[in-house]
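Data block below; observations after.
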Amino acid sequence: MSTKILCFAGSLRKDSFNKKLCHAAAQKAASLGASITEIDLADYPLPIYDGDLEKASGMPENARKLKAMFAEHQGFIIASPEYNAGITAVLKNTLDWLSRPDDSEHKPFQDKWVALLAASPGALGGIRALPNVRFILEGLGCIVIPDQLALNKAHEAFDASGELVSEQQQQRLEKVVRRLLHFSAR
Ligand SMILES: Cc1cc2nc3c(=O)[nH]c(=O)nc-3n(C[C@H](O)[C@H](O)[C@H](O)COP(=O)(O)O)c2cc1C
């Protein structure tokens, strides 16, 4: 049975560079035999985590759906923008909600293999966010692989069909995806 990989970006923006990079990685993973689920966090809006809201109404329906989805995959490809050298609010808020107990048995993070990507128009490609995202995910029980890709000048990096223009960047992305599939198939 092929490895199930969930792919998403930590951006809500329609034309998000991180969504594009995530999609390129998802296509590569599919071409290498993985079973891919691509989701857009914009389709799962969540209120900002608030303990009082949780106490009054429990876990929001979208968080329950995401939690079940996370639990049924062996690995994740996450493309995270860098906001002020760290994780985006939407990604952190999603992880916060999913980390909460509910009446399900779902374990959304434990022993999940994760490959991290970042894309930014800036010179550093969002690489400063990744240790932050890695730290949070590892704290939740994920195993984040050492291989990662931070794509700089992201506004120039894709052609009209969403392919990475640079052969070198394509190869770097493929290496990350291959490593994730290697580990998550174990
Ligand atoms: C609040 C905010 C903070 C940002 N901080 C950084 C930063 O620290 N480093 C960086 O490279 N880009 C930063 N950017 C620019 C983002 O990299 C850029 O908006 C990028 O397109 C966001 O990713 P997306 O295209 O996937 O939505 C910031 C953008 C916003 C809105």
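Among the residues of segment 132-161, what is the count of those that are more than 12 Å from the ligand (Cβ to nearest atom), of a type outside the set (A, V, I, L, M) and open to solvent by 20 Å² or more (accessible area, probe 1.4 Å)?
Count: 10.
Can you tell me which residue among 169, 110 is polar (S, T, N, Q) and over 22 Å from residue 60 (Cβ atoms)?
Values: 110 fails: over 22 Å from residue 60 (Cβ atoms).
Matching residue, one of 169, 110: 169.
In segment 41-48, is there at least one residue being surrounded by fewer than 16 Cβ atoms within 10 Å (Cβ to Cβ), of a type outside the set (Val, Ile, Thr), assigned to a loop (DSSP other than H, G, I, E, B) and at positive phi?
Taking segment 41-48 as the starting set, the residues that turn out to be surrounded by fewer than 16 Cβ atoms within 10 Å (Cβ to Cβ) are 42-43, 45, 47-48.
In the following step, the residues that additionally are of a type outside the set (Val, Ile, Thr) were identified as 42-43, 45, 47.
Okay, now just the ones that are also assigned to a loop (DSSP other than H, G, I, E, B), so 45, 47.
Among the residues that remain, those that are also at positive phi are: none.
The answer is no, given that none of the residues of segment 41-48 is surrounded by fewer than 16 Cβ atoms within 10 Å (Cβ to Cβ), of a type outside the set (Val, Ile, Thr), assigned to a loop (DSSP other than H, G, I, E, B) and at positive phi.
Across segment 20-29, which residue is farthest from the ligand (Cβ to nearest atom) among those that are in contact (Cβ under 8 Å) with a residue 60 or more places away in the chain and within 14 Å of residue 114 (Cα to Cα)? If you could, list the steps in order and put the result at the bottom.
Residues of segment 20-29 that are in contact (Cβ under 8 Å) with a residue 60 or more places away in the chain, as a first pass: 20-25, 28-29.
Okay, now just the ones that are also within 14 Å of residue 114 (Cα to Cα), so 22, 25, 29.
On the way: 22: 9, 25: 13, 29: 19 Å.
Applying the filter and picking the extreme gives 29.
Find all pairs meeting these conditions: Cβ atoms under 6 angstrom apart; at least six residues apart or on different chains; first residue within segment 1-19 and at pLDDT 95 or above; second residue aromatic (Phe, Trp, Tyr).
Going by the 6 Å Cβ cut-off, the qualifying pairs are 6/76.
In segment 101-131, what count of residues is obtained for those that are more than 16 Å from the ligand (Cβ to nearest atom) and surrounded by 14 or more Cβ atoms within 10 Å (Cβ to Cβ)? Quick ask: steps written out before the conclusion?
So the first thing to find is which residues in segment 101-131 are more than 16 Å from the ligand (Cβ to nearest atom), and the list is 101-115.
Subset that is surrounded by 14 or more Cβ atoms within 10 Å (Cβ to Cβ): 102, 106, 108-109, 112-115.
So the count comes out to 8.
If we keep just the residues of segment 52-89 that are part of a loop (DSSP other than H, G, I, E, B), of a type outside the set (Asp, Glu) and within 16 Å of the ligand (Cβ to nearest atom), which is farthest from residue 127 (Cα to Cα)? Can you show your working first?
Step one: filter segment 52-89 for residues part of a loop (DSSP other than H, G, I, E, B), giving 58-60, 72-74, 80-82, 84-85, 87-88.
Narrowing further to those that are of a type outside the set (Asp, Glu): 58-60, 73-74, 80-81, 84-85, 87-88.
From what is left, the residues that are within 16 Å of the ligand (Cβ to nearest atom) are 80-81, 84-85, 87-88.
Numbers: 80: 9, 81: 9, 84: 11, 85: 8, 87: 11, 88: 13 Å.
So, considering only residues that are part of a loop (DSSP other than H, G, I, E, B), of a type outside the set (Asp, Glu) and within 16 Å of the ligand (Cβ to nearest atom), the one farthest from residue 127 (Cα to Cα) is 88.
Which pairs have Cβ atoms under 6 Å, sit 6 or more apart or on different chains, and link a residue in segment 36-57 that is touching a residue at least 40 places away in the same chain (Cβ under 8 Å) to one that is assigned to a loop (DSSP other than H, G, I, E, B) and surrounded by 11 or more Cβ atoms within 10 Å (Cβ to Cβ)?
Qualifying pairs under 6 Å: 46/60.
Is it the case that some residue within segment 178-186 is farther than 30 Å from residue 51 by Cα, at pLDDT below 95 and not in a helix (DSSP H, G or I)?
yes
The values are calculated or read from the model by the stated rules, or taken from the named source; none is laboratory data. Given the structure is predicted, the values throughout are model-derived calculations rather than measurements. Quick reminder, even Gly has a Cβ in these numbers, built from the backbone with ideal geometry, and neighbours come from all protein chains shown. Protein only, heavy atoms only, side chains kept; ligands, DNA and RNA dropped before computing areas. Shrake-Rupley method; radii C 1.70, N 1.55, O 1.52, S 1.80 Å.
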